[in-house]
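For reference, the structure is listed below as C-alpha cells.
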Amino acid sequence: MIEYWEPLIERMPVDELKAIQEEKLKSLVHYVYNHSPFYKKRFDEAGISPNDIQSLDDVRKLPFTTKQDLRDTYPTGMFCVPQEQVVRYHASSGTTGKPTVVGYTENDIKEWSTSLARGLTSIGIGRGDVVQIGYGYGLFTGGLGLHYGVEMVGASAIPSSSGNTERQIELMQDLGSTAMACTPSYFLYVNEVFKKLGISIANDTKLKCGIFGAEPWSEEMRRRIEEQTGIKAYDIFGTSEISGPLFTECIYQDGIHIWADQFLIEVIDPETGEQLADGERGELVVTTLAKEALPLIRYRIGDLTAIKSGPCKCGRTHPRIMRILGRTDDMIIIRGINVFPGQVEAVLMDIPEVGEHYQLVVDRENELDTLTVQVEVTEDVFSDKISDLMVLEKKVTKALQTVLNISARVELVEPGTIPRSMGKAQRVIDNRKI
Amino acid sequence: MENKLIKQISIFAENKAGRLEKITEKLKSANINIRAFTIAEAGDFGVMRMVVDKPEQAHNVLHDAGFTVSETDVLGIEMSDSPGGLHEISTVLGSNDINVDYAYAFAMATQKALLIIRVDNINNAIEVLENSDIRLISMEEVNKI
Ligand SMILES: [Zn+2]
C-alpha cells in the first residue's frame, strides 16, 4: 500500500495545484517587492510591477536571481524579514567565492520539514524507522535539514554526521538503522569498510534503503549500489539557497517529486534564458512559493535536468525532475566538448569490470586539453595476462569515445588509490591553469 | 597431474617508485622465499609474477596489504642450460599448437634451467610435454632449488 504524508495535497488534480501556484505567485511578487529593497530595485530596473504578474505564464516576465546576487548582498541583503523573525541561519563555506547566508523563519523550517516528510513517507520511512544521517551537521544544510524531516515523520534520527566510518558502522548495527543518508560515494566507501571487516550490509544490518544526494550520481551507480548491498538507493535533491535537501524520489524511482504548492519550477535554455518544454533538458530554475525569510524568484540553481509532467505511478500529481546530470559549474570542457562527470560515470558503471571509484584528471599539454580517466583494477577482474588488461583499457576508451565523443586516456590504477571522500567526492582534478 | 602445476602469484602494480619494495618487504617479513620473479610492463602499469615457496600465504599477505593479487597455474619446465635448450622446448610446443601466453626462465646451479610458462590449455600441454620426454618440475622441487 502506498503511504502519503498529506494525501489531499500530494494527489491534488493538476489544475487545482496550478491555481494554488498562481495565487501564491501573485502574492509572492507583492511580498518581495514590499519587503526586500533588493527585489524592489531588481523589479524596477526590469520595468516590472508586481501587478504585471497575473498568471503562472507571467513568471517568465520576472528577472532571474543567481548565487552571485546572494553573494553581492551578503549577509542578509535579500531577506524579507527582520532578524527577530529568523529562527535559524545556515551558510555556505564560501570556498569558491564569497559565502552565502540563508535564513529561516519558524514557518520556513516547518515547510522545509514538511517537504521532506512527504518525501520520506514516499520511500516508506516513518514511525519505527531509524535513519542514520551521515550528512554534515552545522552550517551545511544537509544534516540538520534532513533531521527535522525525519523527526516529523516520527522516525528515529541518528545525527551521526559525516566521517568516522567504523563508528558509523557500529551505530548502524547497534541501533538497527533502517536507512542511511549520505553521499553515494561515501556509502560505497562504507560498503568497502564493511567488506574489510568481514561483514556485509545485506546480512549484518537492518538497512533497507539509502537516501543519497549532495553530489550528482548516475542510474548505473544506483544499480551497482543496490546489487552490492541489497538496499534500495533513493535520490534526494535540494540546494542550500532554496533551503537544503528538500525533495526525493518515491518508491518507483522515476524522477524526483517537486512539491508544486511550495515551489514553482521551470527548465530554461542556459544560453538564452528561454523556457523549455517539459522533457527538454536544460537548467533548473526555482521560485519559492512559501518561503518567508529569503524567498527566491526564478533562482538559477545551475543543475541540469528536465521536467517530467504527468502523474507518477505512486499517484502523486506534482511535477518531477529527471536525474540531475550535473551542474553547469561542474561541466568540464575538453577540446571544445562539454563533459559532465556524471556522463562519464554512467559510461564507466555500465562496464562490469570497472570498479565504483574513478577520477577524471584534466591537463593541458602543448596547448591541448587531455583527459585521463583513472579506474581501479579490482581482484575480481584482475587477469595476470597483460593483454587482458589492455583489452579492458581499450574497452573503456572505446565506450567513452562512442558515447561521449571524447578521447580519453584510460589509466588502470591499484585499488584504494583513488581518494575516498567522507562527503562530496572530488571526481575531477583539473590541472589546467585557466 | 595436479602436482605438476606450479602456483604462480601475480600482482597488479602501477609503475610508481616504491611498489616493488613494498611487495618484497611484505614477503620478507612473512618469511616467504621468492624462487622466480619477473615484471611485465605495459605503460602505466605492470604485472609482477613470481613463484614462491608458500604461494597461499604470499597471496594472503599481499591481498591484506591492499594489493590486487591473483593465483595462476603455470608449468615449470626443466631444460638443459646449453645452446638450443629453449629451442627444443619451443619446437615441441609449436608443433603441437600450444600457445604460450608468457614465459620466463632462469638458470639453476645444476647445468639445468627452469622455464616457467603459462598456456591456455594446461592439461594438454602437460600431456604433450611428457610424451616428448620433457621433464616438468613440481612445486616441491621448485622449493628445493
Ligand atoms: Zn511517485
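General observations
- Degrees, to the nearest 10: A:219-229 long Cα axis against longest axis of chain A: 60
- Proximal lysines to A:Lys110, defined as alpha-carbon separation beneath 23 angstrom and excluding residues fewer than eight positions away on the same chain: A:Lys18, A:Lys24, A:Lys26, A:Lys291
- Reported value for the stretch B:1-112: 135 Å³ per residue, from the convex hull of its C-alpha atoms.
- Per-residue Cβ neighbour rank within 10 angstrom, fewest leading, B:Tyr104, A:Tyr299: B:Tyr104, A:Tyr299
- When A:Cys312, A:Cys182 are sorted by how many other C-beta atoms sit within 10 angstrom of their C-beta, beginning with the fewest, the order is A:Cys312, A:Cys182.
- Per-residue mean of foreign Cβ neighbours for B:33-43 is 2 (Cβ atoms of other chains, 10 Å radius).
- Remark: mean inter-chain Cβ contacts per residue of A:387-393 equal 3, using a 10 Å Cβ-Cβ cutoff to other protein chain atoms.
- The C-alpha atoms of chain A define a longest principal axis, and helix A:106-122 lies at about 50 degrees to it.
- 0 to 90° range, to nearest 10: angle between helix A:165-174 axis and chain A longest Cα axis: 80
- Span from the the stretch A:242-297 Cα centroid across to the the stretch A:140-211 one, whole angstrom: 28
- A:His30 paired with A:Met390, simple spin-label distance in nm, labels 7 Å along Cα-to-beta-carbon: 7.5
- The chymotrypsin sites (Phe, Trp or Tyr not before Pro) of the stretch A:176-237 include none that meets both criteria, a DSSP state outside H, G, I, E and B (loop) and at most 14 other C-beta atoms within 10 angstrom of the site's C-beta.
- Of B:Ile98, B:Ile89, the sequence from fewest to most neighbouring Cβ atoms within 10 angstrom is B:Ile98, B:Ile89.
- Springs join every pair of Cα atoms under 10 Å in this Gaussian network model of chain A, and among A:Ser55, A:Ser36, A:Ser240 the largest mean-square fluctuation is at A:Ser55.
- Length gained on full extension, A:Glu84 to A:Lys41, computed as 0.36 nm times the residue gap minus the Cα-Cα distance: 13.1 nm.
FYI, it's all coordinate maths here, none of it is from the lab. Everything numeric in this text was worked out from a predicted model, so none of it was measured. Quick reminder, even Gly has a Cβ in these numbers, built from the backbone with ideal geometry, and neighbours come from all protein chains shown.
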